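To start, the structure under review is shown below, and the notes come after it.
The values are calculated or read from the model by the stated rules, or taken from the named source; none is laboratory data. Note that the structure is a prediction, hence the values are computed from the model and not measured. Cβ placement follows ideal geometry from the backbone for every residue including glycine, while neighbour counts extend to all protein chains displayed. These accessible areas exclude ligands, DNA and RNA; they are computed on the full protein's heavy atoms, side chains included. Shrake-Rupley method; radii C 1.70, N 1.55, O 1.52, S 1.80 Å.
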Amino acid sequence: MINSESWDWECNKKMVADTSKWKDQFEDVWEPYISSDGEKIASIVKVGEGEFNIAVNKETWGEEPFEKIWYSRFSPDGRLTALITKEMEWTMAVDGKTWEEMYEYIWDTKFSANGKVIAATTKQDGVYAITVDEKTWECPVKLESIASHIISPDGKTAVAIAQTVATAEADVNAFTKGAWSVIVNGKPWNDNYVDVYGLVISADGKNIAAEYRNSICEYGILVNGTPWNEKFGCTWEPVFNPTNSDEISVPVRQEGQWFLATNGRIVWDKGFVNLMYQTYSPDGSNIAAGVAPSFAKWTIAVNGQPWSTTFNECILKPSFSPDGRKVVAIAKDSGNWFLVVDGTVLGEGCDNVWPPAFSPNGDKVIYKIEKNGKFAVAVNGEVKDKEYEALWNPVVSPDGTKVMICGVKGGKYYRKVVLLSDI
Amino acid sequence: MKPTIAIREPVVDDLMDQTEKSLTEDQIEKVINEVIDQETGVRLQTYVNTCIHCGLCSEACHWFLSNDRDVSFAPVTKVKDTIWVMLEKKGKVDAAFIKRCSQIAHTECNVCRRCGMYCPFGIDIAYMMLVVRRICAKLEMVPLYLQDTVNSHAATMNQMWVKPDEWIDTLQWQEEEGQGYVPSARLPLEKEGAEIMYSVIGPEPKFLAQLLGNITVIMNVAGCDWTMPATAGWDNSNMAMYSGDFEVMARVERLHHETAQRLKVKKIVMGECGHAFRGGEYDGPTWLGWMSPPIPIVHAVAFYYDLLVSGRIKIAKKVEGPVTAQYPCNIIRNAGLGSKLRYIMNAVCEDFVDLVPNDRHAFCCNAGGDTINCGPPWKKIRVQSARLQSENFKRTGAHTIVTPCHNCHSGVEDIVDGYKLGMHVKFFSELLIEAMEIPEDLQA
């Protein structure tokens, strides 16, 4: 977890950087990113023909530019990473310092929860691997490709879906025998599968689950390399109970309907046209999911019971308030996005809505919205702080009394902390 | 009901031949009845019970017309020889029959839906062919090369086995190519909050990377706020929709739409591909329970129309000489973009020569519905059965045929080659790049 207690939570507003000056200073300025604590803003900037650097607040990453830079992202601990190339080779740069090893290619940066561990997919001499803090997997089989990877919250486990068997063009038999597997810290699971999807690691990092496909309509769930006995017509990605890593819930399709199954057993007796984004409450006792009780009517079901309010376009992943009593989701209806709490729509429709932060007791939801090309902070449906050119998700202080709002107005990047009661 | 006499040259398709040997009649009966009972309903029954076997659909079908009115290619025959038999025999058919069904539904029908327009009752015969494809797919009776592209979709979420690094690397390379025209051009990757997510189909990074350079120039000249994803979800194509593997189809479409949602864009603009539009706009959302795509999808033809009408792209010099255009079924007959296609053709060409018949009545390129993805074993009959459209092209006297669809592009290239038409085949963006004005302040 990000330790936000050490952040500056004094109520104040400060201009961190006048980013409007970057446009005069550099040939081109890319979209900005900010650090978790809001103290830093960074953009990739073009400084000459084939020369790039990163501007961070009032400085750049040293004098020497890179040939290319992309995917600049702040680690949760505040370090700035980016993927860079020098003399046609790629590597990771962290706060301007590059990893020693260079690669044919590097992409898909991931962080541990506290940001101390940095991982990415790398390719060298035609072999794919995950590189964690500069240490590249030594895998007993050649990985022909890596489709995706994740790391555990503690950063100790890196897992990837990888192709472990080379297949010739149009060799459907080799494909059907299974050419893909799950690689855990460089070690493949015993078996190969036709396809693997939806990789997840439990909160304690002990267990790994994924969907797999055996044939056109035979899907199942693998837990640490062992398949569930039950097979389904289709599945979506599994989720671990945050307080019990032996419990996994997954949407499964049977006879044309979607159900929620836990550890292989269907636990919601009602079937849906679709069921996605199942989410546990923080204490693991309740599950909410996006469901379509009938065609083009989307809502949230909590423990199998759908809200009465439905939306005709879509619904996104729900979340619980910290105390687990409220469920919130972003929904789209007739071209507008809305935030919905326990089935009640908050405020007017927007062009975009971002996932909210909660006050400790869940009575306030604070979130970013977009309307007419400008961004604003909304609280329980009321627009409070408007006209940002760029805005990041508001963050509630650990003691639950304040909120940090970071955004760009008039070309200047501001970080401000206000009392929750004042917003 | 007696089977129709169909005279065909033998075709070796390793996967279909192999599956024929391994299928049991019990398997076949179970799958047919499962699909009929669980995945079809009143729609299929209505179509089957309404058809009076008049055969008027035949006159609409380029397979029938290109093959000297051979009745074995008529739409009504295709239905009679497949789903009718399955229903009549309640699934008690053999593996050779299923193989013939796949041959008919996968390789001899483009599900172009022209026949449905000419049916006095409006029966959607293509839907019935898709039901046949679904049954065949569940029995793993799919042409080899089509199945390979479906496998690619299933494993990589793109149709051409493009690896993640190859995708990103190609975009970065094509950004540089675009900078050859417009030095300040940028192809922004993973830009959250851009107005547009641009998506393409697998062959673009694999074989036709210059199209990515073209769109970089067009987007930058037009001043669009756009992005492309650096993750899976970039490929908008969907061969699984046409093979009958609807679960993979849905997974691919879901990821495509969720990638757009993750990037918080206002719309998806897709490159020049017809079936991809169908998958993203209709088949995928329908299977997933969406009435329409949660993030609206705009086909390239409509997008270029908007850019030209609004003046965001201006034409400096029109393409000289007669140019014609193929009307892709999935965006014209099935989505009504015909007048926009003619507008953009007239905007960039001095002499746009329209096809006859045109618009919703235009004939399929005969590559559509993934018949082209059935691969080399089935190419000869496919090209042979495009004779009608080859004659339509020839009559235009055009030097170039524009194909705002990848399947059309490959299919029309085969037609041009097979019938020695001596015409060029281009995407619209290739003409636009030749004709558009690059403002002085953006020029190299």
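A few comments on the model shown:
- Under-5 Å amide H pairs with A:Asn207, H placed in peptide plane, nonlocal only: A:Ser202
- Across A:Thr235, A:Thr60, the residue with the most accessible area heads the list, and the full order at a 1.4 Å probe is A:Thr60, A:Thr235.
- Note on chain B: the alpha carbon radius of gyration divided by the globular reference 2.2 N^0.38 Å gives 0.98.
- Sorting B:Met86, B:Met117 by solvent-accessible area of protein heavy atoms yields B:Met117, B:Met86, largest first, with a 1.4 Å probe.
- Diffusion of region B:314-435 by Stokes-Einstein, at 20 °C in a medium of 1.002 mPa s and with Rh set to the Kirkwood radius over alpha-carbon pairs, works out to 150 µm²/s.
- Sparse-neighbour loop sites [chymotrypsin sites (Phe, Trp or Tyr not before Pro); region B:19-69; at most 10 other C-beta within 10 Å; DSSP]: none
- Residue mean of other protein chain beta carbons inside 10 Å, B:284-291: 6
- Unsatisfied cross-links (Cα-Cα over 31 Å) in the set B:Lys99/B:Lys267; A:Lys156/A:Lys364; A:Lys270/B:Lys92; A:Lys23/A:Lys402; A:Lys21/A:Lys374; A:Lys116/A:Lys231: B:Lys99/B:Lys267; A:Lys156/A:Lys364; A:Lys270/B:Lys92; A:Lys23/A:Lys402; A:Lys116/A:Lys231
- Span per principal axis, largest first, for the Cα atoms of chain A (Å): 60, 56, 37
- With the cut-off at under 11 Å, measuring from each backbone N in region A:396-423 to a point 7 Å along the Cα-to-Cβ line of A:Glu5 picks out A:398-399.
- Cross-link partners for B:Lys394 among the lysines, with Cα-Cα distance under 17 Å and sequence neighbours closer than 8 places in the same chain left out: B:Lys420, B:Lys426.
- Bins of 5 Å, starting at 0 and running to the largest distance - Cα pair percent for region B:1-83: 3, 11, 15, 17, 20, 17, 13, 3
- Phi angles across region A:27-35 convert, under the Karplus curve 6.51 cos²θ - 1.76 cosθ + 1.60 with θ = phi - 60°, into 3J(HN,Hα) values of 5, 8, 10, 8, 4, x, 10, 10, 6 Hz, Gly and Pro given as x.
- Protection-proxy order for peptides B:4-11, A:188-195, B:422-429, B:23-30, each taking the mean of Cβ atoms within 10 Å per residue, highest first: B:422-429, A:188-195, B:23-30, B:4-11
- Distance (nanometres) between label positions extended 7 Å along Cα→Cβ at A:Glu255 and B:Tyr118: 4.2 nm
- Whole-Hz couplings from phi, Karplus 6.51/-1.76/1.60, listed for region A:411-422; x for Gly and Pro: x, 10, 8, 10, 10, 9, 10, 10, 5, 4, 5, 8
- FRET efficiency, 1/(1 + (r/R0)^6) with R0 30 Å, evaluated for B:Glu192 and A:Asp422 via beta carbons: 0.55
- Chain lengthening between A:Lys386 and A:Glu64 when straightened (0.36 nm per residue, less Cα-Cα): 112.0 nm
- Heavy-atom accessible area per residue - the protein assembly as shown, 1.4 Å, Å²: 38 Å²
- When only alpha carbons of region B:14-144 are considered, Rg and Dmax amount to 14.2, 41 Å.
- For A:Ala261, the residues 5 or more places off, or on other chains, whose built amide H falls under 5 Å of its own are A:Val250, A:Val252, A:Val267.
- Rounded if a/c under 1.5, otherwise prolate or oblate - region B:212-359, Cα gyration tensor axes: oblate
- Calculated diffusion of the protein assembly as shown, Stokes-Einstein form, Kirkwood radius summed over Cα pairs, 4 °C and 1.567 mPa s, µm²/s: 45 µm²/s
- For A:Gly347, residues with placed amide H under 5 Å, excluding near neighbours: none
- Packing rank of A:318-324, B:162-168, where each peptide gets the mean count of other beta carbons within 10 Å, highest leading: B:162-168, A:318-324
- Table column - 3J(HN,Hα) (Hz), region A:179-196, Karplus curve with 6.51, -1.76, 1.60, x for Gly and Pro: 10, 10, 8, 10, 10, 10, 6, x, 9, x, 5, 4, 10, 9, 9, 4, 8, 10
- Neighbour-limited loop hits for chymotrypsin sites (Phe, Trp or Tyr not before Pro), region A:242-309 (at most 14 other Cβ within 10 Å; DSSP other than H, G, I, E, B): A:Phe295
- Mean shadow area of region A:268-350, taken as a quarter of the surface of its Cα convex hull (nm²): 5.0 nm²
- Heavy-atom SASA rank of B:Met239, B:Met291 (probe 1.4 Å, accessible area, largest first): B:Met291, B:Met239
- Given a 1.4 Å probe and the protein chains as shown, A:Phe66 ends up with an accessible area of around 10 Å².
- Take the accessible area of A alone and of B alone, subtract that of the pair with a 1.4 Å probe, and the total buried over both chains is about 4700 Å².
- Axis angle, to the nearest 10 degrees, between helix B:144-156 and the longest C-alpha principal axis of chain B: 50 degrees.
- Element breakdown for region A:268-350 at a 1.4 angstrom probe: carbon and sulfur atoms account for 50% of the accessible area.
- Calculated [222 nm] ellipticity per residue, helices only, for chain B: -13500 deg cm²/dmol; basis is -39500 (n - 2.57) per DSSP H run with n ≥ 4, divided by all residues, nearest 500.
- Note on chain A: helix-only mean residue ellipticity at 222 nm, from DSSP H runs of 4+ residues weighted -39500 (n - 2.57) and normalised by residue number, equals -500 deg cm²/dmol.
- Once the Cβ-Cβ distance of A:Thr136 and B:Ser184 is raised to the sixth power relative to R0 = 25 Å, the FRET efficiency obtained is 0.10.
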